[in-house]
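Enquirer: Structure provided below as structure tokens; questions to follow.
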Amino acid sequence: MSSPTRIGLYGGTFDPIHQGHLHLIEQLFARNLIDELILVPAGNPWLREHAPFASAQDRLAMTQLAVEELPANIREHVLVSDVEVNRSGPTYTIDTVEELKKFRSTATWYLILGSDVFAGIDKWHRSAELQSLVEVLVIARDGDGLDIDALPVSASQIRSQIQNHESAIKYLPDSVWAYIKERNLYVSN
Ligand code: ATP
């Protein structure tokens, strides 16, 4: 019997999605940790200090553009889900897991989290239940976890560069940078 498909679930505010996120995705496949990946831009991340700066639709669009820039052999195994963006109310990961698992009940599900995010997982809605439904895969990012040589870049850093009228192209897929410029995103708060 073949082993169950390993599906990674990678959520984030993706405000904006950047090269650090893409590097992580490439490493998950390069290290053969998963067979498929579902990227889930958050709708309304209730635990964050502030609401996202870009709209949910813009963050979803930028995520879709970024996936197009992944190497073809990876891209064909990556999906972007609008399940959280289209759900009203606070975004709870457990709702997403329960919803997506219905479609692929025989798969093994991995929840991909940076160590900064994992540090707060006990505060999440129905956290223990969530952790019983998935395998949690923690990526080291100034903390314990799988060392993937994470890139030292964050969305907050990119947003403040843009606000300061600096170019952030180094850290962004070309199409995402073009999208941000075209719509004047992140220029003011
Ligand atoms: P912000 O600076 O606004 O908090 P962020 O860059 O951390 O944003 P998120 O969308 O909040 O990006 O992150 C989504 C997920 O990706 C989280 O699990 C986070 O830990 C992880 N992550 C973010 N940046 C990196 C990076 N450079 N390398 C590895 N993982 C990252």
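The values are calculated or read from the model by the stated rules, or taken from the named source; none is laboratory data. In this text, all values refer to a predicted model and were calculated from it rather than measured experimentally. Here Cβ is always computed from backbone atoms with ideal geometry, including for glycine, and neighbour counts include all displayed protein chains.
Enquirer: What pairs come up if the first residue lies in the range 58-77 and is under 20 Å from N32 (Cβ atoms), the second is modelled with pLDDT of 95 or more and of a type in the set (D, E), and their beta carbons are under 9 Å apart, counting only those six or more places apart or on different chains?
Expert: L70/E26; P71/E26; I74/E26; R75/E68; R75/E69; H77/D35; H77/E36
Enquirer: Now for a separate question. Report, by residue number, each residue of the range 114-150 that is out of contact with any strand residue (DSSP E or B) (no Cβ under 6 Å at 6 or more places or on another chain) and of a type in the set (S, T, Y).
Expert: Scanning the range 114-150 gives S127, S132.
Enquirer: Would it be correct to say that N44 is over 17 Å from N86 (Cβ atoms) and either modelled with pLDDT of 95 or more or more than 9 Å from the ligand (Cβ to nearest atom) (or both)?
Expert: no
Enquirer: Also, quick follow-up: Based on this model, can you work out whether V80 counts as surrounded by 16 or more Cβ atoms within 10 Å (Cβ to Cβ), at pLDDT 95 or above and at negative phi?
Expert: yes
Enquirer: Let me ask something else. Which of (1) surrounded by fewer than 18 Cβ atoms within 10 Å (Cβ to Cβ); (2) within 15 Å of the ligand (Cβ to nearest atom); (3) not polar (S, T, N, Q) is the odd one out, the single condition I112 does not satisfy?
Expert: Condition not satisfied by I112: (1).
So that you can scan it fast, the table gives a plain yes or no per residue for (1) within 13 Å of the ligand (Cβ to nearest atom); (2) among the polar types (S, T, N, Q); (3) in contact with a Ser or Thr (Cβ under 7 Å, 6 or more places away or on another chain); (4) in a strand (DSSP E or B):
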| site | (1), (2), (3), (4) |
| --- | --- |
| N32 | no, yes, no, no |
| E49 | yes, no, no, no |
| Q64 | no, yes, no, no |
| L79 | no, no, no, yes |
| S88 | no, yes, no, no |
| T91 | yes, yes, no, no |
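Enquirer: Every residue in the range 1-17 that is farther than 13 Å from L60 by Cα and either in contact with a strand residue (DSSP E or B) (Cβ under 7 Å, 6 or more places away or on another chain) or modelled with pLDDT of 95 or more (or both), please.
Expert: P4, T5, R6, I7, G8, L9, Y10
Enquirer: Return the total of residues in the range 93-119 being assigned to a helix (DSSP H, G or I) and not hydrophobic (A, V, I, L, M, F, W, C).
Expert: The total comes to 8.
Enquirer: Based on this model, can you work out whether D58 counts as closer than 23 Å to A140 by Cβ and among the acidic types (D, E)? Can you show your working first?
Expert: Working: closer than 23 Å to A140 by Cβ: no; among the acidic types (D, E): yes.
No: the conditions fail for D58.
Enquirer: Those residues that are within 14 Å of the ligand (Cβ to nearest atom), in a helix (DSSP H, G or I) and not small (G, A, S), I need them from the range 120-174; list them, please.
Expert: I121, Q157, I158, R159, Q161, I162, Q163, K170, Y171
Enquirer: In the range 51-60, which residues are within 14 Å of the chain's Cα centre (by Cα) and either surrounded by fewer than 19 Cβ atoms within 10 Å (Cβ to Cβ) or part of a loop (DSSP other than H, G, I, E, B) (or both)?
Expert: Hit for the range 51-60 is P52, nothing else.
Enquirer: From the set of residues in the range 1-30 that are in a helix (DSSP H, G or I) and more than 12 Å from the ligand (Cβ to nearest atom), which is nearest to the chain's Cα centre (by Cα)?
Expert: That would be F29.
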